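Undergrad: Sharing a structure, written as structure tokens. Questions coming.
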Amino acid sequence: MHNLTLSVPGQVFLLKYQRKLKNILLLTILLSIVCNTSAQIRFITGYQNANVDTAVSVANYSTNTICFSPHRDSLNTETVWYNFGITGFRTDTIITFLMNYNNIYYPPNYPVVSYNGKEYFNVKASQRNNINQFSVKPTHDTVFVSTGYPYTYNRLQKLIKSINGNKYFKIDSSFTTPKGNRLYLLTVTDHNTKSRTKKNVWIIARQHAFESISNFVVEGMINYLLSDKVTDTDILSQYTFYIVPMVDIDNVISGQSGRMSFPRDFNRDWNSPRHSEIETLEKWIKKSGKRRYDMFFDIHATYPGGRTTNVFSYFDIHGGSIQSQNLNQFWQRFYNLTHYRPKTIDDTNVYQEGFSADYYNAKKYKRLQFATTIECDWNVNSRGKVWQIADYLNLGENIIKAVPVK
Ligand SMILES: [Zn+2]
């Protein structure tokens, strides 16, 4: 009895202790879960144009290092583009990004970083032993990184929505891509002028999905054409601008690079199209009237790893022909406006893999002044500055200003 009475408070103590122990244990487990969660860097890819290969990308919390590889869908043979966010990293030390580019072509010298997924800025990357490295100050709890300034399908749709009431602007046609997205043909002109001498200028961009910067150039063109800066409305009464701003929409949305897209690169698909997008573009061009067809521009971007300090270059596929002379005169007008002297490249082998857009158009429509590919650059311009979005918009404006032959 005595022992028993003695044992009662002992048991109560033991029970209390066990309960405490259990609580401490539970708390420890809970804490360890919380700590583990907060000590885990997570990849964010659930947004338009996003892409990283999470299967092979690894984040290390203690060193605050992200080793990553862009995702390549099985149909693409070249990988250039990445665009993803991370969260859950340490905020007391810099974040180091290491991009493995064993299978990746031309990693960027100036990748871009954002804290909100909207405004991006350049950082300098260095290359060593197949690793492309850059670092970011963790001033926010989320960081987004990308090969270059992303230009999404959303942005294009917003632009179209914002100008849709303008009397000089029209969505001329649209076409549904294999993945169910809307591909736009836009026209900018004075729709009331039905002059017989009115000329057609065709502008297409983004046949290669990773070449996002080309879309800022096109946006600059559209903005200029619809702006108050066009005080001389002659350009809109003399020309119809047919613009297909985003050709490979499907790969843009899914964040693929798009270069060498299966079954054939979009820009080698023009002699006998296998992509329904190219087939449709050819029909639209044909329908727009070949007699008054004056100029064809296909806006691209170089590989981001290129180290040319060039405004941009163009492919001249016609050596010393009249079209080539016209093209040189166009660039002279552009030079007079900007003092940028583009580099010219004679790309005569382009038809061997399949016709490129400029080659196809120049060959099929012989009355054209010229058909050309413009390659925008991702690196440092001829003034020693890294290209910014405003510069690309400005390029677009000046390309349009250089169109009229005075
Ligand atoms: Zn391209």
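Undergrad: What is the calculated FRET efficiency for R291 to T45, with r their C-beta to C-beta distance and R₀ = 41 Å, to the nearest 0.05?
TA: 0.25
Undergrad: I would also like to ask the following. What is the percent of Cα-Cα separations in segment 350-389 that go past 11 Å?
TA: In whole percent, the long-distance tail amounts to 70.
Undergrad: Another question about this same structure. Looking at segment 162-246, which trypsin sites (Lys or Arg not before Pro) are in a loop (DSSP not H, G, I, E or B) and have at most 12 other Cβ atoms within 10 Å?
TA: K167, K179, K194, R196, K229
Undergrad: Given C-alpha coordinates of segment 42-146, what is the ratio Rg to Rh with the Kirkwood estimate of Rh?
TA: Computed over Cα atoms, the ratio is 0.93.
Undergrad: Using alpha carbon coordinates only, what is the Rg to Rh ratio of segment 112-172, with Rh defined as the Kirkwood radius?
TA: We get a ratio of 1.20 for segment 112-172.
Undergrad: By the scheme Lys and Arg +1, Asp and Glu -1, what is the net charge of all other residues having a beta-carbon under 12 Å from that of T240?
TA: Overall, the nearby charge balance is +2.
Undergrad: Under the Karplus relation 6.51 cos²θ - 1.76 cosθ + 1.60, θ = phi - 60°, what is the ordered set of whole-Hz ³J(HN,Hα) values for segment 374-391, x standing for Gly and Pro?
TA: So the J values, rounded to whole Hz, are 9, 9, 7, 9, 9, 9, 9, 7, 5, 9, x, 10, 6, 4, 10, 3, 4, 5.
Undergrad: Sorted from largest down, what three extents in whole angstroms do the Cα atoms of segment 153-401 have along their principal axes?
TA: Over segment 153-401, Cα extents along the principal axes are 44, 42, 36 Å.
Undergrad: Give, as a single signed number, the net charge of other residues whose beta carbon lies under 11 Å from the beta carbon of V252, with Lys and Arg counted +1 and Asp and Glu -1.
TA: Net charge around V252: 0.
Undergrad: Skipping prolines and chain starts, which residues have an amide H placed within reach, meaning under 5 Å, of the one on I374, given they are 5 or more residues away or on another chain?
TA: Placed amide hydrogens put D298, I299, H300 under 5 Å from I374.
Undergrad: Principal axes first, then extents: for the Cα atoms of segment 127-215, list largest minus smallest coordinate on each axis, whole Å, largest first.
TA: 60, 30, 27
Undergrad: Around H339, with a cut-off of 13 angstrom between Cβ atoms, what is the net charge of the other residues, counting Lys and Arg +1 and Asp and Glu -1?
TA: +3
Undergrad: Per residue of segment 57-74, in order, report the coupling 6.51 cos²θ - 1.76 cosθ + 1.60 (Karplus, θ = phi - 60°) as ³J(HN,Hα) in whole Hz, putting x for Gly and Pro.
TA: 8, 10, 10, 10, 5, 5, 9, 6, 10, 10, 9, 9, 9, x, 7, 10, 6, 4
Readers should treat all values here as calculations from the given coordinates under stated rules, not as data from a laboratory. Keep in mind it's a predicted model, so treat the numbers as computed, not measured. No Cβ is skipped: glycine too gets one built from the backbone with ideal geometry, and neighbour counts run over all protein chains shown.
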